[in-house]
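As structure tokens, the structure follows; a few thoughts come after it.
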Amino acid sequence: MHGQWEVLGSYGPQLHDGMLRFLIDHLIPNTAYQFRISSYNSVGVSAVGSASAPISTGFEGKQHDNHVHGHGKRDVIVHHVPDSDVGESSAKLRDHLKSLLDPHLFQVTPALFYILSLSLSLNMEYPSRASQVHGPVITLSDHTETLTYNTLDTLGNGHSEQVSLAVWSGHWSPRRFQVTAELIMTDPPLAETRPLLNARAVRGRIALVERGLVPLVEKVLHVQSAGGIGVIIDAGECVAFNQMCSAGAEKRNGDGFGKLDMPRLWERVRIPVVMLLRNDVDTLLALFE
């Protein structure tokens, strides 16, 4: 089995046919996971249960119609503590939970359970550093080769405009599902290290990386290992999606960038990978807070 156990956060259960069920977001389609669950209340935290049998997320309907929702703006799945628990047990619980998760991501809201996950198909590692920079929430499709986001409601009238940017999908990008999540920059920007310095913040988000220094597929695998659900590569000096940008490939002919790469280099990639022209990258960067 690959990967390490990672705390996903707190989830309230749903009762269905006499069984407790949990809805877990930002999981990658066609990937096998195992889960362990612990419950907590004002008394304290239970021991973590044994691992579930492998569960595959699979596909529903047409593969490219599947939609993965990651973390939205400032929406980090974390441990929670009921507001009513203000006694000694609550303090112990907070200490226990903070010891498992970076304190920058800790908040206080009601919940009942926390869940740990192990991805069997991805080699996932998470250091404790978290990014303090928040980007726009975007929807990325490597099938339609589009990136969309909503403009801010600057007039205060409740109206915003949807903006669509053209992207160039990687030739070996899965083209099986679209993703919606907050955009985040990798640290380091070239994503040449594994683990990424802000790997915990990348989890469940779409990562923006700069081109250069290491092969593109390495950058993608570093983001994927951190739990990212999509990758946008800054095209750098490219002015069009053609052979001047990626040898042997032309977007207008239906090629993806990296067409001449050996397939085996990309066979472990399971998340959408696209390239974006520098002017459009600058547009997105202007939306960061």
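The values are calculated or read from the model by the stated rules, or taken from the named source; none is laboratory data. Note that the coordinates shown come from a computational prediction; the quantities given were computed from them, not determined experimentally. Counting neighbours? That spans all protein chains shown, and the Cβs are built from the backbone with ideal geometry, glycine included. Note: areas computed on protein heavy atoms with side chains; ligands, DNA, RNA excluded. Shrake-Rupley method; radii C 1.70, N 1.55, O 1.52, S 1.80 Å.
With the simple spin-label model, which puts each label point 7 Å out from Cα in the Cβ direction, the N150 to L265 separation comes to 4.0 nm.
Per-peptide packing, taken as the mean over residues of other Cβ atoms within 10 Å, places 260-273, 242-255, 209-222, 191-204 in the sequence 191-204, 209-222, 260-273, 242-255 from highest down. Rolling a 1.4 Å probe over the protein heavy atoms of segment 242-287, with every protein chain left in place, gives an accessible area that is 47 percent carbon and sulfur. Distance between the 7 Å Cα→Cβ label points at N253 and T31: 3.3 nm. Computed from label points 7 Å out along Cα-Cβ, the spacing between S56 and M19 is 1.8 nm.
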